[in-house]
């Protein structure tokens, strides 16, 4: 049994140290944990290293951050500047998969990176988790290396890699890290740190020399994946056997099975998933317990500077987008097949209390720039939300361990899924009434089918908390494609649109819906795209928020793309070549002569 240290929010520095000089100023002779990140260090709760670093520090661990280290020169002194950490190094590629951060849907190099000073591209390597792990191994021989973050989390078993068009092994096997923490990580990382601390204090010299493996005392830890042995596999009831890497290579349909099984493992929360690769076993333990409301409140009460580290001289675009946003909850019950949330944050909603959100808001007001004009204008809050804004406080009345649904909202809203949207509106109104607040907006996605279950709340969202534009994600209008996406049918979206127009007019507001739309989705053909184009043209819409489907690791849609099958085992059309994908995208953008001609004929009739 390991005792978690008490939470102590005091003695937090303005910024976590990024240099030996800053460590000395804090009186720290040695770090306990070094976090290496592919993002610039922004001390804001929307950025993972800052959130985890302050959480660990509040429990007594000295944490430093190494941001975007130079990997080209091979100069290990950059990693060694703050010294060898006592317990372990944590590696994350950053807030995005590094390949997604670098390349577009058509594999062209991106020209910028929102998580880098000045938006400059190229500050992190391709497959950053692998590169940083290798550098840390060289810089600190024998030191335990822990992988985490979205890139590692979604590559924890065999996965399709779009950028190399190949099936890759678990990132644990490629990186040779000691273990991997998947999901949001606070609970698992803290308990890991406690176990590492106990081990190091008992056997300091052996731990230093790497003779006392940390994994040995962590194999039962929830929320981790590791390379294990047959004796590490639990009893049959608590084991989920995934198709092996070779089985998937031999028959791509098994990637679809493995992905759906892993998605279910995360939601049900009690089994260990096991996958064999070339005679080695990757074990994925059950997910860690989501933070309780009280734990979420404590985490977000920590004194974040809400600014980039002063070492940077250029602005960081992602901070500018998120500076005035507040995270109210985590998780999403939607379970959309193209979204990584089901595998990373899960479908269970963890929400902060109303008081916690209002207190963070008050702290933001106090940090307004000094001056009469700033005070008169007040604080404009860009968002109070999460993955889906109207799921704050949502609860599941059923037992996840016996749930076999892939989504809480599809094909219909589960009767056990409860979201009190009226209470959410009351909280937003209280936030807006706070002194120093000029406006409150909800810019994270609104789930419109859920919204229509509470018309009074939906009316409030539309008339009071939208800054002229509401972002929603219908993604498509073909019901067959929407079914593969696990999204509501087109008719539901059309009812919502009529509701939106009517409510906006009653509120005497000139407001617009900005729909997110997708081309190239598995199961979508050119005819589906032309039908979508016709639907848009009839409404006089020129789509702005459009994207071509990118098969990111770990999602059900990516497995469908790789296997050319739907979850029921039916063969489906998949736009695989760049030419096919580009053609569908051009149709969506209105650059489709055949589709326009068809529309013209319809108008004549």
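The values are calculated or read from the model by the stated rules, or taken from the named source; none is laboratory data. No experiment lies behind these values; they were computed from the predicted model shown. Ideal geometry is used to build each Cβ from the backbone, glycine not excepted, and the neighbour counts take in all protein chains shown.
What the table shows:
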| quantity | calculated |
| --- | --- |
| Any hit, segment 427-436, residues being within 30 Å of residue 572 (Cβ to Cβ) and assigned by TED's automatic domain parsing to the domain that holds residue 343 | no |
| Unmet requirement for residue 495, which otherwise passes all of (1) touching a residue at least 24 places away in the same chain (Cβ under 8 Å); (2) in contact with a helix residue (DSSP H, G or I) (Cβ under 7 Å, 6 or more places away or on another chain) | (2) |
| Condition met for residue 458 (closer than 27 Å to residue 512 by Cβ and part of a helix (DSSP H, G or I)) | yes |
| When residues of segment 383-396 are limited to those that are in a loop (DSSP other than H, G, I, E, B) and touching a strand residue (DSSP E or B) at 6+ places or on another chain (Cβ under 6 Å), the one nearest to residue 469 (Cα to Cα) | 386 |
| Residue in segment 105-121 that is crowded, with 22+ Cβ neighbours inside 10 Å and under 26 Å from residue 273 (Cα atoms) present | no |
| Condition met for residue 486 (on the phi > 0 side of the Ramachandran plot and modelled with pLDDT of 95 or more) | yes |
| In segment 331-358, residue surrounded by the fewest Cβ atoms within 10 Å (Cβ to Cβ) [restricted to those that are at positive phi and under 11 Å from the mean Cα position of the chain (by Cα)] | 331 |
| Residue count, segment 397-455 (criterion: farther than 17 Å from residue 328 by Cβ, free of Cβ contacts under 8 Å to residues at least 60 places away in the same chain, over 23 Å from the mean Cα position of the chain (by Cα) and part of a helix (DSSP H, G or I)) | 1 |
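Conditions (1) within 24 Å of the chain's Cα centre (by Cα); (2) assigned by TED's automatic domain parsing to the domain that holds residue 160, marked per residue:
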residue	(1), (2)
184	yes, yes
209	no, yes
241	no, no
249	no, no
256	yes, no
262	yes, no
